[in-house]
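Chemist: Here's a structure for you.
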Amino acid sequence: MDKKRDQGSMLILTMVVLTALLGIGALSTDMAVLYVEKSNLQNAADASALAGAQELPGKPQSAYSIADQYASSNHTALSAIKISSNNKEVLVTAQKEVPLYLARFFGISSKVVSAEARAAVLSAHSIKGVTPLSITMRDFVYGQEYTLKNAPPAGENGWYGPVRLDGQGASTYEESLADGCTSPLSIGQILEIENGNMSGPTKKGLENRLASDHRIPKNTFENHDSNAPEIVYIPIVEIAARDNSTVQEVKILGFAAFFIENLTQSGNDCWITGRFLQIIVSQGNETSPILAGEDDPTNDYGLYSVKLLMN
């Protein structure tokens, strides 16, 4: 009798243990499925937010459609897309019902997973590849043409816009104009100016730069590649030091992008003009000119990087 009772107890215990093991198996298997689906959904949301932010701040309506299209291409449906009031951030949310497997033994057939991603356009704070020109702070208008390198009688007591970036000398200035500065520059940095007209080095450096445009047809302001050699990154500056009435140093207040329109010569004088751009530059790789960005409305000169933000 005791033996039969023991056998019955063992059977009950075995059923309890098997049920527990089944529950643990269901939990671990379905948790793994949910983890993978959640990770895939988050990646899709991140990509959609970044794609939408590429349209900001100038085209917020396009940001909605691009984010949604990008999600669809990744087989994801977004439940919400929101653009911030300043048109500099996009927030996307996504949900997906995930079928479960072993958990069905416990009456749970599916679970909804969700993901949220926020991306923003940030003003350039630190940048490499800058050209050795400068322009003083003002309210820039998209598409308007500005003088980036002046000549007599304009300018200020012998300074016509060039700045010293990679070192002293006309040949160094010429190389920096052709290829961009090799060292990164940051807001707040003090630069020495290049005195004199610098007409010859300006002409040679800029001609070498523009000669690298092998696009057919050539890049134009209305139709250009993002890496067009006509696009130059220029520090926005204010005068930081004078020697009597002569400018000696300038301070970087920010950075802006311009599309080179003309190199004009008259005798020994030359001028460079370019049209103001609002441009997004990718961040986070060795070839990217943007090294860092920040949310600083006082440094909004139309040169942006896009970055995922932590929620």
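The values are calculated or read from the model by the stated rules, or taken from the named source; none is laboratory data. Quick caveat: nothing in here was measured; it's all calculated off a predicted structure. Here the Cβ positions follow ideal geometry from the backbone for every residue, glycine too, while neighbour counts run over all protein chains shown.
Chemist: Regarding R118, is this residue among the charged types (D, E, K, R) and either touching a His at 6+ places or on another chain (Cβ under 9 Å) or part of a loop (DSSP other than H, G, I, E, B) (or both)? Working first, answer last.
Modeler: Values: among the charged types (D, E, K, R): yes; either touching a His at 6+ places or on another chain (Cβ under 9 Å) or part of a loop (DSSP other than H, G, I, E, B) (or both): no.
The answer is no for R118.
Chemist: Another one. Just one of the numbered conditions (1) in contact with a strand residue (DSSP E or B) (Cβ under 7 Å, 6 or more places away or on another chain); (2) closer than 17 Å to E37 by Cβ; (3) of a type in the set (A, V, I, L, M) is not true of L102; which one?
Modeler: Evaluating L102 over (1) in contact with a strand residue (DSSP E or B) (Cβ under 7 Å, 6 or more places away or on another chain); (2) closer than 17 Å to E37 by Cβ; (3) of a type in the set (A, V, I, L, M) leaves (1) as the failure.
Chemist: Can you find even one residue in the stretch 213-231 that is among the charged types (D, E, K, R) and at pLDDT below 90? Working first, answer last.
Modeler: The initial filter retains those residues of the stretch 213-231 that are among the charged types (D, E, K, R), namely 213, 215, 218, 222, 225, 230.
Within this subset, residues satisfying the condition of being at pLDDT below 90 are none.
Scanning the stretch 213-231, I find no residue that is among the charged types (D, E, K, R) and at pLDDT below 90, so the answer is no.
Chemist: Out of L165, L122, L185, which single residue is crowded, with 19+ Cβ neighbours inside 10 Å, at pLDDT below 95 and touching a Pro at 6+ places or on another chain (Cβ under 6 Å)? Can you show your working first?
Modeler: Values: L122 fails: touching a Pro at 6+ places or on another chain (Cβ under 6 Å); L185 fails: touching a Pro at 6+ places or on another chain (Cβ under 6 Å).
None of the others qualify; the one that does is L165.
Chemist: Scan (1) outside any loop (DSSP other than H, G, I, E, B); (2) crowded, with 18+ Cβ neighbours inside 10 Å for the single condition Y146 breaks and write down its number.
Modeler: (2)
Chemist: Further question on the same structure: Out of the residues in the stretch 230-258 that are in a strand (DSSP E or B) and among the hydroxyl-bearing types (S, T, Y), state the one that is surrounded by the fewest Cβ atoms within 10 Å (Cβ to Cβ).
Modeler: To start, the set of residues in the stretch 230-258 that are in a strand (DSSP E or B) comprises 231-243, 246-258.
Next cut, among the hydroxyl-bearing types (S, T, Y) only: 233, 246.
Numbers: Y233: 24, T246: 13.
Checked the stretch 230-258; the qualifying residue surrounded by the fewest Cβ atoms within 10 Å (Cβ to Cβ) is T246.
Chemist: Restricting the search to the stretch 63-110, which residues are out of contact with any helix residue (DSSP H, G or I) (no Cβ under 6 Å at 6 or more places or on another chain), in contact (Cβ under 8 Å) with a residue 12 or more places away in the chain, assigned to a strand (DSSP E or B) and not β-branched (V, I, T)?
Modeler: S79, A80, E89, L91, Q95, E97, S110
Chemist: To continue, here is another question. Looking at A80, A53, which one is hydrophobic (A, V, I, L, M, F, W, C) and surrounded by 17 or more Cβ atoms within 10 Å (Cβ to Cβ)?
Modeler: Just a single option satisfies the conditions, and that option is A53.
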